[in-house]
Amino acid sequence: MSATKKIKRIGVLTSGGDAPGMNAALRAVVLAAEHYGIETVAFRHGYQGLLDNDHVVLQAKDVLHILQYSGTIIKSARCKRFKDAAAAQEAAANLDALAIDALVIIGGDGSFRGADHLANHWQGKIVGVPGTIDNDLYGTDATIGYATAVNIAMDALDKIRDTADAMDRVFIVEVMGREAGFIGLGSAMAAGAERMILPELQKDKPLTVAALVKHIKRVQEIRGEGSYVMVLSEHQWPGGAVALAEQLEAEHHLPCRPCLLGHIQRGGAPAPADRILASELGVHAIELLLNGEHRVMAGKKANQCVAVPLPDTWQKKNPLDQNLLRIQHEIFNPVKKDRRTKTD
């Protein structure tokens with residue numbers, strides 16, 4: 001492969017919220033770099049490690065058997081100070097002192113903003129790898145960690161359904177995704193939830209308690225006594241699932257229980273889809289660098305590896321699948337189905 005400048009040494013870091021599959025991506029970066037005769041220097045604790053010059057050289061033997069582990073062996077962190085120009089200049093000086101030619105950033109939109117900021121103060125090449133459970137980065141069909149997060153949420157919802165059926169209760173399950181409802185939509189559909197409260201659905205017409213109670217009671221009228229499971233994306237209701245459950249029980253006498261999945265969605269062994277995606281995109285990132293690419297994200301679109309300009313990943317919107325929304329809201333909604341039957 002050709003490049004304008006031969007790359008002999010790269011840096012790599014994992015930044016922001018950890019995502020299942022980050023280790024698999026790190027492994028792929030190191031193995032691909034070694035394959036092409038490039039040395040890899042890993043920075044611990046994300047951008048903070050870049051500022052502290054906390055680094056270690058990684059070889060294939062150090063990463064061969066880490067793809068099945070969640071989290072990240074080089075740690076991750078958020079670094080507010082990195083937004084300053086002085087911090088980026090300090091990081092650039094550290095990279096130059098270590099003779100780093102290029103840097104691979106594994107993370108989400110905040111990490112990519114940091115990468116683009118660094119590019120204004122450093123002459124080396126930068127490529128991002130999408131590692132975030134939120135699946136909210138434009139330009140790639142999936143992000144590393146999303147499939148595992150949905151699988152974990154679905155598993156919890158399945159177990160909650162068992163106890164909800166036994167007691168004829170309403171359960172509100174709060175999942176991550178304060179600004180993007182991908183986990184909410186995916187887990188709700190996979191587990192057959194009766195309701196979803198997602199950021200995208202709240203913007204045009206926020207759900208009210210009255211409308212929610214009406215839907216719960218109508219579902220019970222149509223299907224008979226039984227469970228009702230609702231998926232709530234975090235920060236979409238004042239006080240979250242706990243406050244909503246208390247309100248439904250106190251004001252409307254509905255037996256309701258909240259369940260906050262929290263950070264368990266970030267843990268657990270990465271799903272096969274995340275291991276494979278991470279492996280492919282880690283290698284793709286190295287090959288993009290060898291081809292002279294800079295300030296891009298290594299993504300996958302329509303089964304093809306692509307290079308996406310970093311600013312596009314957060315400036316452009318990655319929309320929810322409208323067909324999945326239609327199916328969940330209309331086809332699988334017993335209330336709407338009942339209305340259709342009566343009017344036909």
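Please go through the range 223-263 and write out the GluC sites (Glu not before Pro) that DSSP classes as loop and that have at most 10 other C-beta atoms within 10 Å.
Details: sites: E225, E234, E246, E249, E251; in loops: E225, E234.
Hits after loop and neighbour filter: E225.
Here are some pairs, K159/K316; K61/K125; K159/K203; which of them have Cα atoms lying more than 28 Å apart in this structure? Display every interim value, and only then the final one.
On the way: K159/K316 36 Å; K61/K125 26 Å; K159/K203 30 Å.
From the list (K159/K316; K61/K125; K159/K203), the Cα-Cα distance tops 28 Å for K159/K316; K159/K203.
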Quiz prompt | Residues of type lysines that K214 reaches as a straight line, Cα spacing below 19 Å, ignoring anything fewer than 8 places off in the same chain | solution = K205, K336, K337, K342
Quiz item: Hey, if we sort Y138, Y146 by accessible area with the 1.4 Å probe, largest down, what's the order?
Solution: Y138, Y146
Self-check item: Average accessible area per residue (Å²) across the chain - probe 1.4 Å, nucleic acids and ligands excluded
Solution: 45 Å²
Exercise. Would you kindly derive the ³J(HN,Hα) couplings of the range 250-257 from the backbone phi angles with the Karplus curve 6.51 cos²θ - 1.76 cosθ + 1.60 (θ = phi - 60°), listing them in order in whole Hz, with x for Gly and Pro?
Key: 6, 8, 10, 6, 9, x, 10, 10
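Go ahead and estimate [θ] at 222 nm for the chain from helices alone: -39,500 (n - 2.57) per DSSP H run with n ≥ 4, summed, over the residue count, rounded to 500.
On the way: 14 runs with 155 residues, N = 344.
So the helix-based figure for the chain works out to -13500 deg cm²/dmol.
Normalised by the residues of the range 147-265, what does the relative contact order come to in percent, with Cα pairs under 8 Å and at least six apart?
Numbers: 196 pairs, mean separation 48.5, N = 119.
About 41 percent, as a whole number.
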Self-check item: Most to least accessible of K83, K75 (protein chains only, probe 1.4 Å)
Solution: K83, K75
Exercise. In whole Hz, with x marking every Gly and Pro, tabulate ³J(HN,Hα) for the range 71-84 from phi via Karplus 6.51 cos²θ - 1.76 cosθ + 1.60, θ = phi - 60°.
Key: x, 8, 5, 9, 6, 9, 6, 10, 10, 5, 5, 5, 5, 6
Quiz item: In 10 Å bins starting at 0, how do the alpha-carbon pair distances of the range 80-203 split up by percent?
Solution: 12, 32, 23, 17, 11, 4, 0
Practice problem: Could you tell me what percent of the accessible area of the range 147-265 is made up of carbon and sulfur, with a 1.4 Å probe and every protein chain present? | Solution: 53 percent
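The values are calculated or read from the model by the stated rules, or taken from the named source; none is laboratory data. Keep in mind it's a predicted model, so treat the numbers as computed, not measured. Cβ coordinates were reconstructed from backbone atoms using ideal geometry, including for glycine residues, and neighbour counts include every protein chain displayed. The accessibility values were calculated without ligands, DNA or RNA, using every heavy atom of the protein model including side chains. Shrake-Rupley method; radii C 1.70, N 1.55, O 1.52, S 1.80 Å.
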